[in-house]
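Chemist: The structure that follows is given in the form of structure tokens.
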Amino acid sequence: MVCLGNICRSPLAEGILKHKLGDGYLVDSAGTINYHEGSQPDERSIRTAIKNGIDISNQKSRPISKPDFDRFDLIFCMDKNNYKDVLKLANDSQKHKVRLILSNDQEVPDPYFGGIDGFDQVYKMLDESCEIIAQKIKNNTV
Ligand code: 4NP
């Protein structure tokens, strides 16, 4: 799961997909920038996850790096800028792994500069998309 800072959106996406998949899957998140490297998720993301029964407080921000394209089968990006930046790091043979997390070219809006409502909205979008992704992964149709 990839966003810009790896402190707001992708930590939520990681927590939600992990929760839906259960054991036996490797789910992680990263950012396209290293500005927040080593930081916990944003307090508002932690609180939003807790409200929904998911603890993401142990996560630490990190930037995406080349080995991620070998370690992971699928790389989901929150918005089109993230998608473009991630594709630039991928070899031609790895580009097929990179997807936008929402269907129909939609984007998960960056909630960083807004209020808590934005985090609730992001949570809902990610919960719906991760439900579909989890079903597809389990059915091998992703
Ligand atoms: P995220 O949100 O990409 O969902 O983690 C942001 C986090 C930090 C910044 C922007 C967006 N920032 O400008 O530092």
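Chemist: Looking for something aromatic (F, W, Y), farther than 25 Å from K138 by Cα and assigned to a helix (DSSP H, G or I) - is there at least one such residue anywhere in the stretch 82-103?
Modeler: no
Chemist: Restricting attention to the stretch 1-28, and to residues there that are free of Cβ contacts under 8 Å to residues at least 40 places away in the same chain and at positive phi, which single residue is farthest from the chain's Cα centre (by Cα)? Show your work before the answer.
Modeler: Initially, the stretch 1-28 is screened for residues free of Cβ contacts under 8 Å to residues at least 40 places away in the same chain, giving 18-19, 22-24, 27.
From what is left, the residues that are at positive phi are 22, 24.
Numbers: G22: 16, G24: 18 Å.
Among those residues, the one meeting the criterion is G24.
Chemist: Within the set of pairs 6 or more residues apart or between chains, which connect a residue that is part of a strand (DSSP E or B) inside the stretch 53-81 to a residue that is open to solvent by 30 Å² or more (accessible area, probe 1.4 Å) and among the aliphatic types (A, V, I, L, M) with Cβ atoms less than 7 Å apart?
Modeler: Between residues of the stretch 53-81 that are part of a strand (DSSP E or B) and residues that are open to solvent by 30 Å² or more (accessible area, probe 1.4 Å) and among the aliphatic types (A, V, I, L, M), the close pairs are P63/I33; C77/L100.
Chemist: Within the bounds of the stretch 88-100, is there any residue that is surrounded by 22 or more Cβ atoms within 10 Å (Cβ to Cβ) and either modelled with pLDDT of 95 or more or within 13 Å of the ligand (Cβ to nearest atom) (or both)?
Modeler: Let us first name the residues in the stretch 88-100 that are surrounded by 22 or more Cβ atoms within 10 Å (Cβ to Cβ), namely none.
No, because not a single residue in the stretch 88-100 is surrounded by 22 or more Cβ atoms within 10 Å (Cβ to Cβ) and either modelled with pLDDT of 95 or more or within 13 Å of the ligand (Cβ to nearest atom) (or both).
Chemist: Right, next: Mind counting the residues in the stretch 29-39 that are more than 18 Å from D85 (Cα to Cα) and either within 12 Å of the ligand (Cβ to nearest atom) or within 11 Å of the chain's Cα centre (by Cα) (or both)?
Modeler: Within the stretch 29-39, residues that are more than 18 Å from D85 (Cα to Cα) and either within 12 Å of the ligand (Cβ to nearest atom) or within 11 Å of the chain's Cα centre (by Cα) (or both) number 1.
Chemist: Next question. Just to be sure I understand, how many residues within the stretch 1-28 are more than 6 Å from the ligand (Cβ to nearest atom) and assigned to a loop (DSSP other than H, G, I, E, B)?
Modeler: 8
The values are calculated or read from the model by the stated rules, or taken from the named source; none is laboratory data. All values reported here derive from a predicted model rather than from experimental measurement. Because the Cβ atoms are built from the backbone with ideal geometry, glycine has one as well, and the counts that use them run over all protein chains shown. What goes into the accessible areas is simple: the full protein's heavy atoms, side chains included, and nothing from ligands, DNA or RNA. Shrake-Rupley method; radii C 1.70, N 1.55, O 1.52, S 1.80 Å.
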